[in-house]
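Throughout, read-outs are computed from the coordinates displayed, never taken from laboratory work. These numbers were taken from a predicted model, which means no experiment stands behind them. No Cβ is skipped: glycine too gets one built from the backbone with ideal geometry, and neighbour counts run over all protein chains shown.
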Amino acid sequence: MTCAACVKRVEKKLGRLDGVTATVNLATGRARVSHPAWISPRELVETVEKAGYTAALPEPPHPEPPKGQLREADAFREERQRLLTTALLAAPVLVLSMVPDLQFRNWQWLCFVLAAPVAVWGAWPFHTRAARGLRHSAATMDTLVSLGVIASFSWSAYALFLGGAGDPGMRMPFSLVPSAADDGVVHVYLEAAVGVPLFVLAGRFLETRARRGTGAALRSLARLAAKEVAVREGGAERLVSVEELRVGQVFVVRPGERVATDGEVTEGSSAVDLSLVTGESEPVEVGPGSAVVGGAVNAGGLLLVRATAVGADTQLARITRLVTEAQAGKAKAQRLADSVAGVFVPVVLALAVTTLGFWLGAGADPQAAITACVAVLVVACPCALGLATPTALMAATGRGAQLGVLVTGPQALEGLRRLDAVVLDKTGTLTTGHMTVARVTAVPGGLGRDAVLRLAGAVEQGSEHPVGRAIAAQARRELGERLPAVGEFRALPGRGVCGRVEGHLVEVRAPDEELPAGLAVTEGAAHTPVLVTVDDVAQAVVEVGDVVRPGSYRAVDRLRRLGVRPVLATGDREAPARAVARALGIDEAYARCTPEEKADLVRGLQGEGHRVAVIGDGVNDAAALAVADLGIAMGTGTDVAIGAADVTLVRGDIEALADAVRLARRTLGTIRANLVWAFGYNAVTVPLAMVGLLNPMLAAAAMSASSVLVVANSLRLRAWQPSPAHPSPSARSRTR
């Protein structure tokens, strides 16, 4: 594919299959296709081939560079060689044609000999693609370039052999504006015949290099994957390829090495650098029981890690997959541009024929008429239309991944840009989620504090919630024994967990409005109370404390400055919810929210005309995440929350949300600027070419420059930096 017209044609061909929808990306050369089960992938490939293009299914991960990348590298080298050879042949032709003082006797024949291989071999890719399109009744950018080169060279050949331009001593003045010869001798336009392929090849080459740059972040993610890993079995180590590693195996990570896959530290302690995976700038201390992610760099001591996920199930693989899928989407403005591109080339061909007919009908010199026609063919550029969104999106999603922000596509970016209200969960989102048990109050005459803590800890072993992890950790720490197994475990969304331990039905959940007699909580504390019942009898209240994330103060302040209204909604009780909201300066706080009530709160804000985002990290947030205009999950949260979200904050810090909003606004601004340039360029240059005010050679240079400028503008997003934001005075006072 070479232009937006190609994209539109492939999408249309695939869309004609029953139940098939396709989104094609010009910048990456990939298509994302949804199809029913009865249509095979092979049939999809054959449909693309029938449209005149080549296609292949994505190749599975492999330690060696995939064949597709090798073919791309070979094509890039061939393209560079063709450009260099074309430039060497074209340079003398351009100089002699543009500088009359250098035109010696029979100079025009030397130019003809040099121009012939350029017009044929140098422009061969355009000719072959144009012929292939013709066989399939399709016209693309290559059709315009091919016709322009053929017309320029054919007219020059006619002038040399039949029009008197081949006479010895012929001189030809050069003008930026096409004009007829005053002496009655037909002029040659060999400079256009070589200039068009030269400038278009140069533009495509620079464009390809730039497009490779927009995908640099994705390639850097792929390079994070380790190739080999030292597996420890029975006290001995053996080196295996990472594809052979299995869940449950223990592997060694020495200082300076990358963690081969997601796992849990079983022995050793160290600091790991997650900056290239999650955007977390500070190294994280890990020890036995700590989770580590594949791709992280061990900055300290020796670690033994038990693999918990391998291959496509790892966090690094999910990040890479999210970024790849995000780059296949299209913004609304790009969909409009693609619709225009679908009819663009036929319209340009019609304009070129009209221009030729008008000039000839008006009595103009034939060579001036043909020159204007060729200029129209060459100057028109649907390439920039096709590159406007995908190149910006590739650069932005790659940059977002480096900063710890993953978006599912352009729709998520558009949602971030228009965001004006955000519903924030408390535990694990605004707070660290690293909770500790502050107090355990047992019912007098009941099972006793230690027995209840032991049973509660056993049930919470199966919970992913920070409160549950804190209770299980406290039970193991205090009792110094292995907790009993739990059976019939169930999560109660928005309330807690329950299960059967040693024959008892144990439920650990949020208490009702009034606690049972004999139980109380600390007044005025920002603790979360949890009621423990054994066989439906209340036995104790466990108070769990949490601390606000340091970044939450800055995040809330920055969101306000961006015009986003923060709202706190939590399943926790009133006291801790109000305490956190007061500390962060959030005016609206809703406590004891069930998953359904959170979803209703989102609908209410939407009813007021707000574009609402929800940030959460647990199962109880999934419903609200799905209802919201934009769902944002913490990367430290559950798979259910991440699966329901449009945006994932990988580094687990909501300050990244403000960065995401600003990056989205910058990206959509870049896309709009690209499209304005692409449309505006054609609106200005095509009429100039039609009235004879544009030389074909300059038209080729302008056409190539338009695509390069669009890609270069998108590349600026790779260097985008989140501006350091300082908390407002009120926020600073709250942090003290």
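With the crude spin-label approximation of a point 7 Å out along Cα→Cβ, what separation in nm comes out for V99 versus A485?
Going by the 7 Å Cα→Cβ label model, 8.9 nm.
Counting other beta carbons within 10 Å of each residue's own, what order do W720, W109 fall into, fewest first? Each step should come with its number before you reach the end.
Values: W720 19, W109 14.
Placing the least packed residue first, the sequence is W109, W720.
Between H434 and residues 5 or more places away or on another chain, which pairs have amide H atoms under 5 Å apart, with H built 1.01 Å from N, and which residues are they?
V547
Apply 1/(1 + (r/R0)^6) to the Cβ-Cβ distance of E228 and A55, taking R0 = 45 Å, and write down the FRET efficiency to the nearest 0.05.
Values: r = 33 Å, r/R0 = 0.74.
Computed FRET efficiency for E228 and A55 comes out at 0.85.
Mind putting a number on the dipole of region 427-537 about its Cα centre? Charges go on the C-beta only, +1 for Lys and Arg and -1 for Asp and Glu, and I need it in Debye to the nearest 20.
On the way: 11 positive and 14 negative charges, 83 e Å.
Dipole magnitude for region 427-537 comes out near 400 debye.
Find the eigenvalues of the gyration tensor of the Cα atoms of region 435-547, then list the square roots of 5 times those eigenvalues as equivalent ellipsoid semi-axes, largest first, in whole angstrom.
Details: eigenvalues 70, 48, 40 Å².
Gyration-tensor ellipsoid for region 435-547: 19, 16, 14 Å.
Estimate the FRET efficiency between A91 and T354 by the formula 1/(1 + (r/R0)^6), using the beta-carbon distance for r and 30 Å for R0, to the nearest 0.05.
Working: r = 35 Å, r/R0 = 1.15.
With a Förster radius of 30 Å, E is 0.30.
Using the alpha-carbon centroid of each, what span in Å lies between region 237-270 and region 416-484?
Value for the Cα centre distance between the two parts: 30 Å.
For the pair A299 and T266, how long in nm is the line joining their label points, each one 7 Å along Cα→Cβ?
Here the answer is 2.7 nm between the modelled labels.
Could you line up V459, V647, V708 from fewest to most neighbouring Cβ atoms inside 10 Å?
V708, V647, V459
Given Cα positions, please report Rg to Rh for region 504-619, the hydrodynamic radius being the Kirkwood one. Please report the intermediate quantities before stating the final value.
On the way: Rg = 16.5 Å, Rh = 16.1 Å.
Taking Rg over the Kirkwood Rh, I get 1.03.
Computed FRET efficiency, Cβ-Cβ of E478 and H504, R0 22 Å: what is it to the nearest 0.05? Show your work: numbers first, answer last.
On the way: r = 19 Å, r/R0 = 0.88.
Once the sixth-power term is evaluated, E becomes 0.70.
Hey, can you rank 77-85, 32-40, 114-122, 147-155 by average C-beta count inside 10 Å, highest first?
Result, highest mean first: 147-155, 114-122, 77-85, 32-40.
Once region 433-479 is represented by equal point scatterers at the alpha-carbon sites, with solvent omitted, what log10 I(q)/I(0) does the Debye formula produce at q = 0.16, 0.17, 0.31, 0.34 Å⁻¹?
So the normalised log intensities work out to -0.40, -0.44, -1.16, -1.27.
Place the peptides 363-376, 234-247, 497-510 in order of packing, highest mean first, counting for every residue the other Cβ atoms within 10 Å and averaging per peptide.
363-376, 497-510, 234-247
Charges at C-beta only: +1 for Lys and Arg, -1 for Asp and Glu. How large is the resulting dipole of region 4-64 about its Cα centre, in Debye rounded to 20?
The calculation lands at about 340 debye.
Describe numerically, in nm with one decimal, the distance between label points set 7 Å from Cα along Cα→Cβ at R80 and at R132.
That separation, rounded to one decimal, is 2.3 nm.
Assign one of three labels to region 4-64, namely rounded, prolate or oblate, based on the Cα gyration tensor with a ≥ b ≥ c the square roots of its eigenvalues; rounded applies when a/c is under 1.5, prolate when it is not and a/b is larger than b/c, and oblate otherwise.
Values: a/c = 1.80, a/b = 1.20, b/c = 1.50.
Since a/c reaches 1.5 but b/c is at least a/b, the shape of region 4-64 is classed as oblate.
Students often check this: by mean Cβ neighbours within 10 Å, which of 249-257, 136-144 ranks highest, and how do the rest follow?
Numbers: 249-257: 16.9, 136-144: 22.0.
Listed from highest to lowest mean packing, they are 136-144, 249-257.
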